Amino acid sequence: MQDYIMFFSCGIGAMVMILSTITDSMSKRKKILLFLLAFSANMVLICNKLARFYDGNTSAIGLTVVKPCKFMAYFLFLAIIAIFNRYVVELLAKDGKLENAPKIFRAIETETIIGVVVLIMSQFNGFYYHYENNTYIRSNFNFVAYVFPLSALLIELIALIKYRRNLSKRMLLPLIIFVVLPMWAGIMQFFIHGVSITGMTIVVMTVVLYCFSVFDTNEIVEQARQRELDILKEKQEMSEMMISQTTSALAEAIDAKDKYTQGHSRRVAEYSVMIAKIAGKSREECDELYLIALLHDVGKIGIPDNIINKEGRLTDEEYAVIKTHPSIGRDILSKINISPQLAIGASFHHERYDGKGYPFGLKGEEIPELARIIACADAYDAMASKRSYRDVLPKEVIRAEFEKNLGKQFDPRFGKIMIGLIDSDRDYEMREK
């Protein structure tokens, strides 16, 4: 039964060794330390098994195996404590943000080193154990061999409790158990000979430690990923806010250039969103459309003031200059790579559904959908606003113009929505105040 338990424990230890090498979520140092823990625990089991199997065997192989294996069983117990100690220091360095290992952990390393030195010395004076006919016999001072590892584990337990706030809550409990159970196993091992209680205990705890390490590392990775997403979201929100504020300021500058169209850009943006909502556009699409519509007349920046603010009707030559503002707007906004859609309104808001618009003479569905919405809103506000050569047109006249030009100047779908908005505006609130 003992052999089955030992072989099973070795199998588990080997599995941890393999998994620790292929786990990508952990740091290289953590993987190495977990691999060494599993490897050392397996070697304790193997060395104890070989030492017991050949105990008393005076053949060449028996004489070759027993003494080195017994020495390694003692040595590896100390080595496992030192490796575990380094693992805890690594956790504190990464998770607890402690740059240097506290003195108490260096004291544990010193304790294990002294234990190894005394163990080596005992091989020459029989202080821990000796052999008669290649049979392992404990000396009266064998208990000293357990003083160094058990005292090191006790200090480790004190250190874990002291620095518990620097460790994640998920890892604290398995770390403490990893210390306490081997302490118990070491004490039991002193009284029980023939069963590698210490080795099997450490193998089991190495498996538990590996599992918790993976869970903890995955949680840390997920938290880091979430922080990155939050930072990206914050940057995106900042960019959107910057674009929104810049767009609003630019729209105000455009409207300020034309003394007859104060607030025109804002009203066109608001009417465009009203049409888009009824057309079933999402909130994100409406937000984007608002900014695009705000800048639909940005090209007027390049039109001379004497033409923009001329009282009375324009000459053919002056009107030809005015008609260049979509191209000017496209050239300005196409340079904003962060939001390439911004140029749509400026480029195409004077295209007509029947193909008789400018600057490209696009027809029907060739005209971007957002531009067809803005064209309706722009035409409506032009008629519902005062100009140098006329006053605000009556609501009935504007409605009739939309009815007459459905499928000609206006997209039939969005033109009908605009007519619906006109009909619902009983007090004619949608006009220049």
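Residues checked against (1) assigned to a helix (DSSP H, G or I); (2) modelled with pLDDT of 90 or more:
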| residue | (1), (2) |
| --- | --- |
| 52 | yes, no |
| 65 | yes, yes |
| 73 | yes, no |
| 97 | no, no |
| 104 | yes, yes |
| 107 | yes, yes |
| 119 | yes, yes |
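Count, please, the residues in region 299-346 that happen to be polar (S, T, N, Q) and over 37 Å from the mean Cα position of the chain (by Cα).
Filtering region 299-346 for residues polar (S, T, N, Q) gives 306, 309, 315, 324, 327, 334, 337, 339, 341.
Checking the rest, the ones that are also over 37 Å from the mean Cα position of the chain (by Cα) come to 306, 309, 315, 324, 327.
Adding up the residues that qualify gives 5.
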- [ ] Go through (1) over 18 Å from residue 432 (Cα atoms); (2) surrounded by 16 or more Cβ atoms within 10 Å (Cβ to Cβ) and name the single condition residue 245 misses.
- [x] (2)
TODO: Keeping to region 222-242, report how many residues are within 8 Å of the chain's Cα centre (by Cα) and surrounded by 11 or more Cβ atoms within 10 Å (Cβ to Cβ).
DONE: 1
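Among the residues of region 288-306, what is the count of those that are surrounded by 17 or more Cβ atoms within 10 Å (Cβ to Cβ) and either part of a helix (DSSP H, G or I) or free of Cβ contacts under 8 Å to residues at least 12 places away in the same chain (or both)?
First, the residues of region 288-306 that are surrounded by 17 or more Cβ atoms within 10 Å (Cβ to Cβ): 288-300, 303.
From what is left, the residues that are either part of a helix (DSSP H, G or I) or free of Cβ contacts under 8 Å to residues at least 12 places away in the same chain (or both) are 288-294, 298-300.
Of the residues in that region, 10 qualify.
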- [ ] Pairs only if they're at least six apart or on different chains, beta carbon under 7 angstrom, first in region 165-183 and surrounded by 19 or more Cβ atoms within 10 Å (Cβ to Cβ), second of a type in the set (Val, Ile, Thr) and assigned to a helix (DSSP H, G or I); list them, first residue then second.
- [x] 175/88; 182/198; 182/201; 182/202
TODO: Tell me, yes or no, whether region 324-347 has at least one residue that is at pLDDT 90 or above, assigned to a loop (DSSP other than H, G, I, E, B) and surrounded by 14 or more Cβ atoms within 10 Å (Cβ to Cβ).
DONE: yes
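What residue, among those in region 123-140 that are aromatic (Phe, Trp, Tyr) and surrounded by 13 or more Cβ atoms within 10 Å (Cβ to Cβ), is farthest from residue 50 (Cα to Cα)?
Filtering region 123-140 down to residues aromatic (Phe, Trp, Tyr) leaves 124, 127-129, 131, 136.
Applying the additional criterion that residues be surrounded by 13 or more Cβ atoms within 10 Å (Cβ to Cβ) yields 127-129, 131, 136.
Numbers: 127: 22, 128: 19, 129: 17, 131: 15, 136: 12 Å.
The qualifying residue farthest from residue 50 (Cα to Cα) is 127.
Please go through region 372-393 and give me each residue that is farther than 21 Å from residue 414 by Cα and part of a loop (DSSP other than H, G, I, E, B), ordered by number. Break it down into steps so the answer makes sense when it comes.
First, the residues of region 372-393 that are farther than 21 Å from residue 414 by Cα: 386-392.
Those that are farther than 21 Å from residue 414 by Cα and part of a loop (DSSP other than H, G, I, E, B): 386, 388, 389, 391, 392.
The values are calculated or read from the model by the stated rules, or taken from the named source; none is laboratory data. These numbers come from a predicted model, not from an experiment. Heads up, the Cβs are rebuilt from the backbone with ideal geometry, glycines too, and the neighbour counts pull from every protein chain shown.
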